Structures are given as structure tokens and as C-alpha cells.
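Below you'll find the structure, written out as C-alpha cells, and then a few comments.
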Amino acid sequence: MVVTDDKIAADAVPVIETRLIAKSFGHVQALRGASLLAYPGEVLALIGDNGAGKSTLSNVIAGIHTPDTGELYLRGEQVTVSSVRHARELGIEIVYQDLAQAPDLSVVQNFFFGRELLVKGPLRLIGRLNEAEMKQKTIEAMSLLGAQVPSLTAPVSALSGGQRQAIAVARAVMWATSAIVMDEPTAALGTKQTAMVYDAVRAAANRNLAVILVSHDIPKMLEFADRIAIMRHGQVVAQMPTQGLELVDVLTTMLSAEGTAA
Ligand SMILES: Nc1ncnc2c1ncn2[C@@H]1O[C@H](COP(=O)(O)OP(=O)(O)OP(=O)(O)O)[C@@H](O)[C@H]1O
């Protein structure tokens, strides 16, 4: 079931579309024909019971897993995403729940990890990092999201979980040009820190990225997300706008949708 949303123009092209993606791990069929649409400027919550396939589908979009069958489309063009690096080249970033960052590196170094800017200019400077420009770009990205940290040069291990996660979101926003996939980005956080990350997520969507947000917090997703996609047994069984949607509707759909794919 796909319920159309008034906010999405009828001719809008999804940033991300998965069509009938299947993925098995040994004998476990994690995805059995998962079809999902994510549009620019929206937060799409991906919900479902444990083992429904949310992380696997996210990981396929982010290039971590290669699907066995099925297709992935980026702005209407079919793509084969061969690695996380390739996904990044296509403008798709992933933010993990485990605050995956290099703890001993600074905020700036984490922002530019693997993508360091080098000084341009005379031969004697070749190979040197352009620390001033990297710092400036980091400040811009953080302020864009309203994220604040005590120091950009201290190791990230010295920061709170919320600050680190806000950095991870800001970093993804800085590099993403199409979509950000977030797998339970607030799972390890307290209330205040969670609010900080949600603010950063909304700011990302406001920059016209599609944000696919895996979450177990259905009430929060009903309030926060623009649309919700429900997964069950490796399929997306419903996608609908959250406006006017009640928790009971979602739970009913989750329970009654067995065997029907979107
Ligand atoms: N790397 C893997 N190796 C083997 N089985 C896996 C692997 N990743 C996922 N699975 C299995 O695939 C199924 C779907 O898992 P997935 O993590 O995608 O579900 P999920 O909806 O994200 O669950 P949860 O909410 O518990 O995180 C599960 O049965 C899981 O055990």
C-alpha cells in the first residue's frame, strides 16, 4: 500500500527508490522484495519489528550490502552501488547508531577523514593538509545545523554522545548531495542529546536531502517524520504520510500487513 502525500508533487522524482530488493545471509532471507521511495526534503521513518529488514535495506542503500536481486534508483537512474565509498561518491551518506568515529581524532579530522583537503600552491607545500580550510568548512557545517561543541580540535572522545552524534549528522550533511541513511541515530542518547540530533536531522531534510531514519520509536516518528515506511518480514508493507496518522493505524497495519508488499 502506498498512500500519496499532498506535500509530494505527483510528478516528483524520488531521490532513492529500491525495487524488489532481495538479500539473504546464508539461509536467512533478510529482504524479500523490498520496495521503498524516498523524496527530497523529507524525513522518511523506516519502522518495523526486530528482524524486519530495516538495517539490511539501509545498508543496501548505503553500499554496505550488495543486493542479491532487485534494483536501486538514484533520481530515477538505475545504479549499482558497489561500496560505501561508491555510495558516498553518489551523494549517499550513512550515520550509524554506534557513533562510529575515530575517537582520538578531532572534530575537524573526523569531518574530513579519508577526504582531507590538501594545500594548493607551491611545490614545497604539496602534500600538506589545508587545516585552515578544513576547519572553516567544519565550522560552517556545524553552524548550519546549529550544532555546538566546546572544541573543534579536541579529540571527539572528549565530547558527549549527543555532541558526537550531532557531529556525525553534520558531517553526513556536509558530504551528502542526495540522501542520508540513519540507523537508530539516537539509540545511545539521553533526552536532551536526542533532541539535538533530531534538530540536526530536520535541518538535513531542509537542505533538500532525503533522510531515511530507522527507528523503533513509533510515537516519535509519527510526530517527527514526514512519512513512515513499515517493514515486515523483509518487505515494505506500507508507506504513508504521518499527517493525521494515529499510532493505532500504524500498529494495525503492522499486524495486518503480513504477506502484502507495497
Ligand atoms: N550480516 C548478517 N548475517 C546474517 N544474518 C543477518 C545479517 N544481517 C542481518 N541478518 C538477519 O537478517 C534479518 C534482518 O535483519 P535486520 O538487521 O535488517 O533487521 P532490523 O529490522 O534492522 O532489525 P532490528 O530492529 O532488530 O535492528 C534478521 O533475521 C537478521 O538476523
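So the values come out like this:
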{"read-out": "Along each principal axis, Cα extent of region 40-107, largest first, Å", "value": "40, 31, 28"}
{"read-out": "Cα-based equivalent ellipsoid of region 128-262: semi-axis lengths in Å, sorted from largest, via gyration tensor", "value": "34, 15, 12"}
{"read-out": "Distant-in-sequence amide H partners of I228 (H built 1.01 Å from N, under 5 Å)", "value": "A45, M240, T242"}
{"read-out": "Descending semi-axes in whole angstrom, ellipsoid equivalent of region 137-195, from the Cα gyration tensor", "value": "17, 16, 9"}
{"read-out": "For region 13-21, Karplus couplings with θ = phi - 60° (6.51, -1.76, 1.60), whole Hz, Gly/Pro x", "value": "8, x, 5, 10, 9, 10, 10, 6, 6"}
{"read-out": "³J(HN,Hα) computed for each position of region 199-206 - Karplus, 6.51 cos²θ - 1.76 cosθ + 1.60, integer Hz, glycine/proline x", "value": "4, 5, 5, 5, 4, 5, 5, 5"}
{"read-out": "Top positive-direction residue, dipole computed over region 154-229 with Cβ charges, set T191, A225, A166", "value": "A166"}
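Quick note: the coordinates plus some simple rules give every number you see, no bench work behind them. What you see is a predicted model; the values in this text were computed from it and never measured. All Cβ positions, glycine included, derive from the backbone under ideal geometry; neighbour counts span all protein chains shown.
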